[in-house]
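Working notes for the structure below.
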Amino acid sequence: MPKANETRGVARPSFVADGMLGDVARWLRIMGYDTLYFGDMDDGRILESSAERVLLTSDEQLYRRALKLGIDAFLVPGGALSEKLRTIVRRYGLSSASSGSRCTSCNGVLVPASRERIKSSKEAPPPLVEEVWACPDCGKLYWKGSHWKGIGKALQELAEPST
Ligand SMILES: [Zn+2]
């Protein structure tokens, strides 16, 4: 059985999520996938942004429009968030190998935060945290706090086949 991160040579897909899929977009970003999401984006703009991305939508009409335009689109089924994610993970062979590399708020790629940056931020990581990352786009700081355990567990469950 191949490990999740043995996907060398395969381009990592990037996504656009429609307005209904904000929670899906957030989780794809947690997994490290480039995912555009604007809650107020109209269909025309969503389709425009999907030219080189996979469009994730739960709107069947939008899905059909996208297919007609030759856009790689995926109709996300209704149901629980975990089920939606699982279907996407399976369909696109996603892994959590790069999880924690993106800003969940704005999709920016995180960089190690400098001391100055941490000092000047309103957010204060606990003193014992060794690694802190910053989003260069919105300035948000990230570190692996206690909630990360829960996230890691959820990611692991997503990658496992549910038999
Ligand atoms: Zn950000």
When every residue in the range 15-32 that is part of a loop (DSSP other than H, G, I, E, B) and over 9 Å from the mean Cα position of the chain (by Cα) is compared, the one surrounded by the fewest Cβ atoms within 10 Å (Cβ to Cβ) is Met20
Within the range 106-123, residues being surrounded by 13 or more Cβ atoms within 10 Å (Cβ to Cβ) and small (Gly, Ala, Ser) number 3
Of the residues in the range 112-163, those that are away from the ligand (no atom under 16 Å from the Cβ), under 30 Å from Ala80 (Cα atoms) and among the aliphatic types (A, V, I, L, M) come to Ile151, Ala154, Leu155, Leu158, Ala159
Note on the range 15-50: residues among the acidic types (Asp, Glu) and over 19 Å from Ser95 (Cα atoms) are Asp18, Asp40, Asp42, Asp43, Glu48
Residues of the range 54-83 being open to solvent by 20 Å² or more (accessible area, probe 1.4 Å), closer than 23 Å to Ser99 by Cβ, touching a residue at least 40 places away in the same chain (Cβ under 8 Å) and touching a strand residue (DSSP E or B) at 6+ places or on another chain (Cβ under 9 Å), in sequence order, are none
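Mind checking whether some residue in the range 84-98 is touching a residue at least 24 places away in the same chain (Cβ under 8 Å), basic (Lys, Arg) and within 16 Å of the ligand (Cβ to nearest atom)?
No, that holds for no residue.
Quick check on my filter: what residues within the range 40-53 are open to solvent by 50 Å² or more (accessible area, probe 1.4 Å) and touching a residue at least 12 places away in the same chain (Cβ under 8 Å)? Can you show your working first?
Of the range 40-53, the ones open to solvent by 50 Å² or more (accessible area, probe 1.4 Å) are 40, 42-43, 45, 48, 51-52.
Within the range 40-53, Asp40, Asp43, Ala51, Glu52 meet the criteria.
The values are calculated or read from the model by the stated rules, or taken from the named source; none is laboratory data. Quick caveat: nothing in here was measured; it's all calculated off a predicted structure. Cβ: placed from backbone, ideal geometry, glycine included. Neighbour counts: every protein chain shown. What goes into the accessible areas is simple: the full protein's heavy atoms, side chains included, and nothing from ligands, DNA or RNA. Shrake-Rupley method; radii C 1.70, N 1.55, O 1.52, S 1.80 Å.
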